[in-house]
1. Filter the stretch 604-630 for residues that are closer than 20 Å to residue 552 by Cβ and in a helix (DSSP H, G or I); which is farthest from the chain's Cα centre (by Cα)?
2. Identify all residues within the stretch 370-385 that are buried (at least 22 other Cβ atoms within 10 Å of the Cβ) and either among the small types (Gly, Ala, Ser) or assigned to a helix (DSSP H, G or I) (or both); write none if there are none.
3. Among the numbered criteria (1) part of a loop (DSSP other than H, G, I, E, B); (2) touching a residue at least 24 places away in the same chain (Cβ under 8 Å), which one does residue 300 miss?
4. Which of the residues belonging to the stretch 243-270 are in contact (Cβ under 8 Å) with a residue 60 or more places away in the chain, surrounded by fewer than 18 Cβ atoms within 10 Å (Cβ to Cβ) and either within 20 Å of residue 183 (Cα to Cα) or touching a Leu at 6+ places or on another chain (Cβ under 9 Å) (or both)?
5. Could you list all residues from the stretch 445-485 that are of a type in the set (Ser, Thr, Tyr) and closer than 20 Å to residue 522 by Cα?
6. For residue 351, state whether it is closer than 22 Å to residue 659 by Cβ and among the basic types (Lys, Arg).
7. Can you tell me which residue is surrounded by the most Cβ atoms within 10 Å (Cβ to Cβ) among those in the stretch 216-242 that are part of a helix (DSSP H, G or I) and modelled with pLDDT of 90 or more?
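The values are calculated or read from the model by the stated rules, or taken from the named source; none is laboratory data. A quick note: this is a predicted structure, and the numbers were derived from the prediction, not measured. Cβ placement follows ideal geometry from the backbone for every residue including glycine, while neighbour counts extend to all protein chains displayed.
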Amino acid sequence: MPRLPLLIQVVYHPASSRAAALAEYLRSALSEDPAVPGLRIPVFFTPEDGTGRPPTEGELSPDAEHVFVVVLADDHLNVDATSSDGSRRGWADYVVALHAACQLDAHHRFMPVQLTAAAWPLDARLRDMNFLRAFAFSDPGEQDRFVIRRTVHELCRQLQAQPEVLGEATAPVTLFVSHTKLNLDAPPKVVYSILHYLTATQPVKVWFDSGDIDAGSIFAERIEMGVRDAVLLVVLTDAYASREWCRKEILFAKKHQRPFVVVNALQEREVRSFPYAGNAPVLRWGGKPEAAVDLLLKEALRHLHAQMTLARHMRPGDIIRPSPAELATIVGLSPGSVVLYPDPPLGDEERELTALTGIEIVTPLERYAKEVEKLVLPRPVALSLSRSDDARRYGLSAGHLDAACVEISRYLLLAGATMAYAGHLGEGGYTDTLFELVRSHALPGVAPPDRVVNHVAWPLPLTLEDRSRFKHVATFRRMGRPDAITPELHADFVDEPAAFDADGSALHRYAYSCGITAMRQAQTLETCARVVLGGRTGPARNASPDGTTAVRWYIGRIPGVLEEVLESLSASQPIFLLGGFGGCARLVADVIEGEPRKEMSWSYQMEAPHSLGMRGHYEARGGWLDYPAMTDLLREKGYASFNNGLNEAENRELARTRDIDRVVELVLRGLRDIAGRA
């Protein structure tokens, strides 16, 4: 299995809500929104097994060449540092083992963070180690920003193979401040504010030079050399674009593939904006120099990580660009050249423009998708994607699953696939992102609504308002009421019930599950493959709009994703099982591989509301399949019955990996095989 270039491993006590919030902040800040270009650095948490103890096996994640360990030490971790009964190791032993593993390999780094005053040193073996003193900031927001700032600094050092100097003010990068002296003393004096902040607080070298420099070859060489080895902070003031050397500094940055960020400090207007100052992050000046510097350092880290990621996917003849390709960075290349830039891909409108040069620009995963696009899938691809109820067990959060769902959908669309989805098309979250992806990655000759088929099971509502709101982004397939579920059984069982509570009675749950099963059977017959990720295995705590929470079970006969897998196996439909993200997909993988799971038992699932009565209705009609029989069926069928174009080893890898790039690569490879059979 190919390894990731970099992975962040965050350690914290599962009982600490503050540490959990900071861990999620780190994940969000380093991965960012998957729908827009960002750092895209994988961040995983310590797996939780419900005991409050650290993992019994393993230390450093084996999934990456470079592992950066962040330990969030607080009173919870300190109190449980030593095991009380000696039955298994405590948190101190686990943290010390992680530190020792990092010491043995210079590719890895270890950064302990002290969230509370009493948390240091956690253990006598760590007494000589300097912890980041985040507890010195009383405001949690300030703590978050302090920790992410130092994390970015250390990651830049790690990826540049600089010595580990935690706690010392050494420079991870050289920062070149590109500005014009014409606006230097004019309010709001942005450059002075930034320089004061840099010299007072930041361990970075600062190149503060050009402004209005006279022409001359020696100066040109010095400025270009300064830019070539630095990250560029462009202070865009009213006169900036009118100055020759300011324009040249940006062009030097693009020539040498250097990261830069634009601080928009315009006060009135630009007579003519410099067209090549784009394709980079832009920050509106708000009087906070730390925001500009933090963004620039994150952009520097993104460049370093992008270069490593692209090298992993590079093919002979590829030309790497660590930022999205643009005319300014591909001009001069020979027609027919292939430029590889980071995912996610540009929208159609930009790619159409760069295509006029005769140069192919492509991201790694987009290339896999294009190779599939040359073939035609016979029917839509069914998506069984939903959040897991056990994500923490695998070191994940809801954010990880949301990101995975978006990336899979993005590259299926790029591959030309139509997607069949049975989820609720409500506002926000995955649904909004899915519709935006459909608009951004259009397929010639295919209307956007034809790219997403939404199967709506009886008795779920499909209102006139829903049909009107989503008519331009999805095609609805309304399932009818099952023949066996009639108004004679209950007055609620009409063709279009106004309201229907599956938990109202055993009969209602039976009727509801029959409708859901009928929809899944129809969807299976109308699709050419099924992609499975997440899914509940039992009860989960759901949040309500008023802020309260309640435990809710699934509302079908059995966990929904499990039923969809069984339906696909029954129909010999190709299955892609993404078990690395937990949930029902992982449950199926574990059962296939012979691992016992309590969720695959009636004694566990019978706790669902009205389950006994619902089972009675099924048994009276001869339609009940119990969990031992399902377990036997899954083990008998195994990965060999997935019929997805992947071999046994690849299916096992797909069922375990959390590397979303690898997931997409394997799914697209399998779809290419399926399309070739059509």
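1. 613
2. The first filter runs over the stretch 370-385 and keeps only residues buried (at least 22 other Cβ atoms within 10 Å of the Cβ), leaving 372, 380-385.
Passing the criteria: 372, 382, 384.
3. The number of the failed condition is (1).
4. 267
5. 475, the sole residue that qualifies.
6. The answer is no for residue 351.
7. 240
One line per residue, one yes/no per condition, for (1) at pLDDT 80 or above; (2) crowded, with 21+ Cβ neighbours inside 10 Å; (3) β-branched (Val, Ile, Thr); (4) under 23 Å from residue 673 (Cα atoms):
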site: 408; (1), (2), (3), (4): yes, yes, yes, yes
site: 412; (1), (2), (3), (4): yes, yes, no, yes
site: 418; (1), (2), (3), (4): yes, no, yes, yes
site: 431; (1), (2), (3), (4): no, no, yes, no
site: 434; (1), (2), (3), (4): no, yes, no, no
